[in-house]
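Data block below; observations after.
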Protein chains: 2
Amino acid sequence: MKHASFLLATLSVFALSLSAAKAESDLLKDARDYFEPVPHAIPSLPDNPVTQEKIELGRMLFFDPRISSSGLLSCNTCHNLGMGGDDNLETSIGHGWQKGPRNAPTVLNAIFNEAQFWDGRAADLKAQAKGPVQAGVEMASTPERVEATLNSMPEYVERFTRAFADNDGPAISFDKMARAIEAYEATLITPASKFDLFLEGNEAALSEQEKEGLTLFMDTGCASCHGGVNVGGEGYYPFGVIEKPGSEILPVEDKGRFAVTQTADEEYVFRAAPLRNIELTAPYFHSGKVWELKQAVGIMASSQLGADLSEEQIDAIVAFLRTLTGERPSVDYPILPISTSGTPKPDLMQPVK
Amino acid sequence: MKHASFLLATLSVFALSLSAAKAESDLLKDARDYFEPVPHAIPSLPDNPVTQEKIELGRMLFFDPRISSSGLLSCNTCHNLGMGGDDNLETSIGHGWQKGPRNAPTVLNAIFNEAQFWDGRAADLKAQAKGPVQAGVEMASTPERVEATLNSMPEYVERFTRAFADNDGPAISFDKMARAIEAYEATLITPASKFDLFLEGNEAALSEQEKEGLTLFMDTGCASCHGGVNVGGEGYYPFGVIEKPGSEILPVEDKGRFAVTQTADEEYVFRAAPLRNIELTAPYFHSGKVWELKQAVGIMASSQLGADLSEEQIDAIVAFLRTLTGERPSVDYPILPISTSGTPKPDLMQPVK
């Protein structure tokens, strides 16, 4: 009798937890179809082994303003790790106080994007890292100048030699600089957001409103473009599938991926923005013209999906989007090698207009 | 017999070490008359208690670019803690890419200076901290804008409240911002240089050449102006006591302390530069026109002392100056509070020429 009642009790608890698990698991199951959590471990790169030496070297390079010709701008200037891995400006300010053409994307979790830049023109982060260094409107430097700068400091020569021990050729090269920066950037991931806890099975990590937002995010169609680990960053879509936003938000002159592919049907096509840590990276869109997450969601709903969401629905989606803020990596600010008499002098020349 | 010879040996070793100690100790004794080592402990500030809360808040403020009206420039932009606590530029670049009038002094050990800025116009670091924030050529902000910015972020309100718990008035003020930054800057000290080890009694810490340089530094007269903890930073002296350097190094229009005191005999008077970590902070002088330490020493010797030093003597002084490089503080790069919709938007306007 005692045994029988124990068995009964056990069975009913089992049945209860099964049904509780089942009640929640539809949402979780759906979410797992669309999304993946940010991993806790540093991802490996197929063609660029992420070693401790390379990470440390990359961290120094990421913070070294002497990579720019002015000696003033580092990667961190526009991809500020103390902020959201970006600069919170509409579009970035570069050499000579020039205004860049697009909003700086976050470097946090960028390693999980299918390709880099708003138009995906760089296949990976090591290709990306070479862009701003050479862009006249950003760091305004050249591979030759960067190599001369790094070669002028014995500590860099030594660190490159150690980080690329299995590599032929000169100790320092522009390409190795980019590889070291990519290795460091692979460490800039933000796991353990509330949404990650949810995806990992802790369903209580999201509030009712946040769950409602997640449901809406999937049911309305947002997740069709914003999926995967980065809740975006994976495919290319026209801005304004249903209805183009005004030119104050979608400037006519920036035709997006068209500039890369020269294919007419890629006019105003952009990579779907990765939405991880989105509450940290205002203002929004490639134009950086929208400062409020709520407004951004409203614009996306109408222009991309033709959906007319209520105030409450938008609030719920915004609440869900705020659960995408993860644990930011702690950063030791690097002590950089000392310039020598061989280090190229800063070139502050205003660009020719 | 055995005992006697042991005693004799002991006595002669004792006598030898006495004479060795004596041979060295004149130099050490002289040096201790002029200089003091950088302390290992964070100095206390008479009117601004250095608490952990205040240090952490100050570190955030030091690295927060939203203190500037552009949202791009932080204290660390010109006082880069990864470099020598300065920017390694002739003169700094500020808002709108304007070129500042003077070379950025290092923030490292600045707490030990008698007064701040090249002309000593700020009595202490909390007065100094208010200057660049408001200077149109630097951060181009206002106390009101800074207060509105900080008040817009709940985490700052909370941190200010904790850091200034014993304080009346509003949680956040421009003055409290400056006090927090001063408290953080009090931690930016670099003890344990080779010269500090020497001053602390480890005479083997300096090589023969470095000792020769130290001797010359005192005997030629350099130490008369460059003394104390910071090997300078303590008094005001005309640049060109004996012979004014050319206007390429001493620009005619910058009359130094004259602008502060309006006293005719303070034309071209500047605070003696603190020489701690001098090898990290090229280029040199308030004009930032000299990139080589060797050249700087030569100019100082002839213009200030009328001394015609030999190549070897200058090399020895430079070797000594390189022993002034201490252990730089390790810096956790701060994770900054998130901007809100109330945070003033970046103002990137080019200054009116």
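Alpha carbon centre of the stretch A:47-117 versus the stretch B:26-93: separation in Å?
25
Over the whole of A:339-350, what's the average partner chain Cβ count within 10 Å per residue? Rounded to a whole number, please.
The mean count of partner-chain Cβ atoms within 10 Å per residue comes to 3.
Quick one: Cα centre-to-centre distance for the stretch A:244-323 and the stretch A:211-241, in angstrom?
If we compute the Cα centre of each part, the gap is 11 Å.
Sorted by accessible area (1.4 Å probe), largest first, how do B:236, B:34 line up?
Final ranking, largest accessible area leading: B:34, B:236.
Working with all protein chains in place, sort A:69, B:341, A:302 by solvent-accessible area computed with a 1.4 Å probe, largest first.
B:341, A:302, A:69
Is there a simple number for the mean count of other chain Cβ atoms within 10 Å of the Cβ of residues in A:322-335, and what is it?
For this peptide, the per-residue mean of nearby foreign Cβ atoms is 3.
Per the Kirkwood definition applied to all pairs of different Cα atoms, how many angstroms is the hydrodynamic radius of chain A?
Its Kirkwood hydrodynamic radius stands at 22.1 Å.
Interface B/A, total buried accessible area with a 1.4 Å probe, nearest 100 Å²?
The B and A chains share an interface burying roughly 3500 Å².
Do me a favour and compute the ellipsoid semi-axes for the protein assembly as shown from its Cα gyration tensor, root of five times each eigenvalue, largest one first, whole Å.
Ellipsoid semi-axes (Å, largest first): 53, 31, 26.
At a probe radius of 1.4 Å, what is the per-residue accessible area of residue A:97, in Å² to the nearest 10?
Approximately 20 Å² of residue A:97 is accessible to the 1.4 Å probe.
Of B:48, B:103, B:88, which is the most mobile in a GNM of chain B whose springs link Cα atoms less than 10 angstrom apart?
Largest GNM mean-square fluctuation: B:48.
Which of A:186, A:259, A:31 moves the most in a Gaussian network model of chain A with Cα springs under 10 Å?
Of A:186, A:259, A:31, the Gaussian network model singles out A:259 as fluctuating most.
Given the -39500 (n - 2.57) contribution per DSSP H run of 4+ residues, what per-residue ellipticity at 222 nm results for the protein assembly as shown, rounded to the nearest 500 deg cm²/dmol?
Rounded to the nearest 500, it is -12000 deg cm²/dmol.
Which pairs, out of A:289/B:345; A:99/A:345; A:54/B:194; B:126/B:255; A:255/A:289; A:294/B:345, put more than 20 Å between their alpha-carbon atoms?
A:99/A:345; A:54/B:194; B:126/B:255
Working only with C-alpha atoms, what are the Rg and Dmax values of the stretch B:104-175, expressed in angstrom?
Cα-based Rg and Dmax for the stretch B:104-175 come out at 14.1, 38 Å.
With only alpha-carbon atoms in the gyration tensor, what are the semi-axes of the equivalent ellipsoid for the stretch B:58-122, in Å, largest first?
In descending order the semi-axes read 19, 15, 11 Å.
Put A:218, A:349 in order of accessible area, largest first, 1.4 Å probe: what do you get?
Greatest to least solvent exposure: A:349, A:218.
Quick one: net charge around residue B:162, please, counting Lys, Arg +1 and Asp, Glu -1 for every other residue with C-beta under 12 Å from its C-beta.
-2
Pop out the Kirkwood hydrodynamic radius of the stretch B:52-186 from its pairwise C-alpha distances, inverse of mean 1/r, in Å to one decimal.
14.9
Could you work out the local net charge near residue A:235, counting Lys and Arg as +1, Asp and Glu as -1, over the other residues with Cβ closer than 14 Å to its Cβ?
-2
Within a 10 angstrom radius of each residue's Cβ in A:69-81, how many Cβ atoms of other chains show up on average? Whole number is fine.
If you average over the peptide's residues, the count of other-chain Cβ atoms is 4.
Would you mind telling me which residue in B:343, B:215, B:106 has the biggest mean-square fluctuation in a Gaussian network model of chain B, where springs connect alpha carbons within a distance under 10 angstrom?
Looking only at B:343, B:215, B:106, the biggest GNM fluctuation is shown by B:343.
Net charge around residue B:82, counting only other residues with Cβ within less than 15 Å of its Cβ (Lys, Arg = +1; Asp, Glu = -1)?
-3
Ranking request for peptides B:313-319, B:206-212: highest mean number of other beta-carbon atoms within 10 Å first, then the rest in descending order.
B:313-319, B:206-212
The values are calculated or read from the model by the stated rules, or taken from the named source; none is laboratory data. Treat the numbers as computed from the prediction; the structure is a model and nothing was measured. Glycine also receives a Cβ, built like all others from the backbone with ideal geometry; neighbour counts cover every protein chain displayed. Keep in mind that these areas ignore ligands, DNA and RNA; they rest on the heavy atoms of the full protein, side chains included. Shrake-Rupley method; radii C 1.70, N 1.55, O 1.52, S 1.80 Å.
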